[in-house]
1. Working out 0.36 nm times the residue gap between Thr100 and Ala159, then minus their Cα-Cα distance, what length gain in nm do you get to one decimal?
2. Keeping the other protein chains in place, figure out the carbon and sulfur percent of the accessible area of segment 159-203, with a 1.4 Å probe.
3. Taking square-rooted eigenvalues a ≥ b ≥ c of the alpha carbon gyration tensor, is segment 108-203 rounded, prolate or oblate, where a/c under 1.5 means rounded and, failing that, a/b exceeding b/c means prolate?
4. With a cut-off of 19 Å, note down the residues of segment 96-137 whose backbone N falls inside the zone around a label point 7 Å from the Cα of Asn176 toward its beta carbon.
5. Residue by residue, what Karplus-based ³J(HN,Hα) values in Hz, rounded to whole numbers, does segment 185-192 have, using 6.51, -1.76 and 1.60 with θ = phi - 60° and x for Gly and Pro?
6. Which of rounded, prolate or oblate describes segment 133-177 when judged by the alpha-carbon gyration tensor and an a/c cut-off of 1.5?
7. In nanometres, what is the gap between the two model label sites at Thr75 and Leu198, each 7 Å from Cα along Cα-to-Cβ?
8. Please state the shape class of segment 50-136: rounded when a/c is under 1.5, otherwise prolate if a/b exceeds b/c and oblate if not, all from the C-alpha gyration tensor.
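The values are calculated or read from the model by the stated rules, or taken from the named source; none is laboratory data. Not measured: the values here are computed from a predicted model. FYI the Cβ positions are ideal-geometry reconstructions off the backbone, even for glycines, and counts take in every protein chain you see. In case anyone asks, the SASA skips ligands and DNA or RNA and just uses the protein heavy atoms, side chains included. Shrake-Rupley method; radii C 1.70, N 1.55, O 1.52, S 1.80 Å.
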Amino acid sequence: MSETEHFAASYSPLPSTAGVAGSADEGKEGVEGGEGEEGVGTDARFLLRVASLAFRLSPDGIELQQVDLAGHRFTFGTPDRPEDRLPFYTVGPVSDDDVTRADCDFLPLAPSPPWTHLVWLVQQLAIQLDFLSDHGVRLAEINAPSRSWADLMVEHGGARWRVRVPLDRRREPIENPGMVLGEMFAEGRHHELAEGHLIPDAL
């Protein structure tokens with residue numbers, strides 16, 4: 001992605017009385033992964049909204065590039081070459097409606113284009129944020145500067161780690177990323193895998 005147009009946005013949760021058409025409360029009764037938003041933390045709701053938006057925009061070439069949890073900001077970009085590969089999911093067809101999609105397990109299979117794996121990664125991390133937290137891991141950022149990989153910036157044990165996740169030409173789907181990372185850090189296996197503070201091919 002040598003030349004990319006960027007589209008930055010910010011997000012703030014709306015008050016519980018909000019709900020006008022096109023607001024951040026639209027589709028509140030259900031989100032991807034079968035999880036309703038009641039009882040879901042602010043960071044998780046934010047990630048689920050970003051994943052939903054990325055699911056809708058990415059097929060048209062507007063792809064997610066960066067998510068900042070601290071500031072609740074995200075950035076989309078338009079790559080200089082179109083993605084012409086079709087998605088392959090465990091089920092199909094997959095609806096772009098959040099409520100309908102909440103009832104299906106649409107895990108993207110390995111041959112799917114990178115944007116599908118990134119959308120799934122963001123959604124699953126949202127659902128598994130509590131698991132990460134329970135294992136002493138805090139997700140700070142998600143950066144996908146190219147279609148090849150995404151970096152998860154996480155904090156654990158007083159240090160900041162860059163967890164690299166391949167997105168393009170994957171050999172297997174991304175399954176339970178929050179649980180895999182939480183257990184890896186809790187068991188100390190990240191020290192064996194890390195190159196400095198970069199953990200390559202972590203998922």
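1. Numbers: separation 59, 0.36 × 59 = 21.24 nm, distance 3.98 nm.
My answer for the length gained is 17.3 nm.
2. Values: 1110 of 2570 Å².
Accessible surface attributable to carbon and sulfur in segment 159-203 totals 43 percent.
3. Numbers: a/c = 1.80, a/b = 1.47, b/c = 1.23.
In terms of gyration-tensor shape, prolate.
4. 105-110, 120-137, by backbone N distance to the label point.
5. Coupling constants for segment 185-192: 5, 4, 8, x, 5, 5, 5, 6 Hz.
6. Values: a/c = 3.12, a/b = 1.68, b/c = 1.86.
Judged from the Cα gyration tensor, segment 133-177 comes out oblate (a/c at least 1.5, b/c at or above a/b).
7. 1.9
8. Numbers: a/c = 1.83, a/b = 1.20, b/c = 1.52.
It comes out oblate by the Cα gyration axes.
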